[in-house]
Amino acid sequence: MTSSELWTRATADRYDAEESETSSAAVLEPTLAFLAELAGDGRALEFAIGTGRVGVPLRQHGVPVVGIELSEHMAAVLRRKIDEGTLPVSIGDMATTVVPGEFTLVYLVYNTITNLLTQDEQVECFRNAARHLEPGGRFVIELGVPPLRFLPPGQVAVPFDISEQHLGFDTFDLVKQILVSHHFTRDGDGRYRRGNSRHRYAWPAELDLMARIAGLELERRVADWDGAPFTQDSAKHISVWRKPT
């Protein structure tokens, strides 16, 4: 049983509208180019494919895509966009669910590995990626760097969005490496809707060790989908691990 929190029907139905900016063609173009290059002439497997924000346009770019998704409600939204024959999706968790065949690319975007709330499950996610990769294939993760440098002594919360429509901040359990993202979203009637989600944050070096346990080797780490250098000031990273031939 996975520790990931299950996305509800209401959350799934709102997701695309709330992520309209990150779903725009201008924002997605570098992501799709990055992933398509790594997939090459092979197939891609997306862990936690959700409503298909990345998987659907990647398939439309000509890359055969298969998905794994824990929430049936999120997968139902995806299915309104594309049929099962064109983009198959298996319902299950990304740490243990196995789909047929081998892939040149397995990818996990938008901080979603943090949905697995234990280190053991995150390790199993890497192992599951390696299980699906053909020799020479790549596993890609997009993940924010934990913003602990913004925590002064005694403070446990860091804001990440302050706007007319949304207030967001993270609170941290520094012992268990758990953060809770708190959201106050303004609806059409002017009232604010409160929501939160739990995540286990992980450092780049910790992910590299998980990859080594799974038999994968770090090939590349950059700060964004455009390939900017990753530095100590980078807010996130795109990491690529390769399965040896």
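The values are calculated or read from the model by the stated rules, or taken from the named source; none is laboratory data. No experiment lies behind these values; they were computed from the predicted model shown. FYI the Cβ positions are ideal-geometry reconstructions off the backbone, even for glycines, and counts take in every protein chain you see. All accessible areas refer to the heavy atoms of the entire protein, side chains included, with ligands and DNA or RNA removed. Shrake-Rupley method; radii C 1.70, N 1.55, O 1.52, S 1.80 Å.
Quick notes
- Evaluation of Val222 against (1) without any contact (Cβ under 8 Å) to a residue 12 or more places away in the chain; (2) open to solvent by less than 70 Å² (accessible area, probe 1.4 Å) (one fails), failing number: (1)
- Pick from segment 57-73, criterion in a helix (DSSP H, G or I) and open to solvent by 10 Å² or more (accessible area, probe 1.4 Å), ranking: nearest to Thr22 (Cα to Cα): Pro57
- Taking segment 76-91 as the range and being open to solvent by 10 Å² or more (accessible area, probe 1.4 Å) and within 17 Å of the chain's Cα centre (by Cα) as the test, the residues that pass are Val89, Ser90, Ile91.
- Residue in segment 99-112 that is in contact with a Ser or Thr (Cβ under 9 Å, 6 or more places away or on another chain) and farther than 23 Å from Trp225 by Cα present: yes
- Checked against (1) modelled with pLDDT of 90 or more; (2) over 15 Å from Glu18 (Cβ atoms); (3) among the small types (Gly, Ala, Ser), Gly168 passes all but condition (2).
- Residue selected from segment 24-43 under the condition closer than 18 Å to His132 by Cβ and of a type outside the set (A, V, I, L, M, F, W, C), by the criterion surrounded by the most Cβ atoms within 10 Å (Cβ to Cβ): Arg43
- Conditions (1) more than 14 Å from the chain's Cα centre (by Cα); (2) among the acidic types (Asp, Glu); (3) open to solvent by less than 50 Å² (accessible area, probe 1.4 Å); number of the one not met by Glu46: (1)
- Within segment 178-201, residues that are under 11 Å from Glu5 (Cβ atoms) reach no partner that is modelled with pLDDT of 95 or more and among the small types (Gly, Ala, Ser) with beta carbons closer than 9 Å at six or more positions or on different chains.
- Candidates Leu70, Leu38, Leu28, Leu32 - the one that is under 25 Å from Glu121 (Cβ atoms) and under 16 Å from the mean Cα position of the chain (by Cα): Leu70
- Filtering segment 120-142 to residues that are closer than 20 Å to Phe34 by Cα and either part of a loop (DSSP other than H, G, I, E, B) or open to solvent by 80 Å² or more (accessible area, probe 1.4 Å) (or both) leaves nothing.
- Residue match in segment 98-108 (condition: open to solvent by less than 40 Å² (accessible area, probe 1.4 Å), closer than 30 Å to Thr171 by Cβ and part of a strand (DSSP E or B)): yes
- Residue in segment 235-245 that is under 28 Å from Arg14 (Cα atoms) and not aliphatic (A, V, I, L, M) present: yes
- Filter result (more than 27 Å from Asp120 (Cα to Cα) and either in contact with a Gly (Cβ under 9 Å, 6 or more places away or on another chain) or open to solvent by 90 Å² or more (accessible area, probe 1.4 Å) (or both)) within segment 143-185: Phe150, Pro153, Pro159, Phe160, Asp161, Ile162, Glu164, Gln165, His183, Phe184, Thr185
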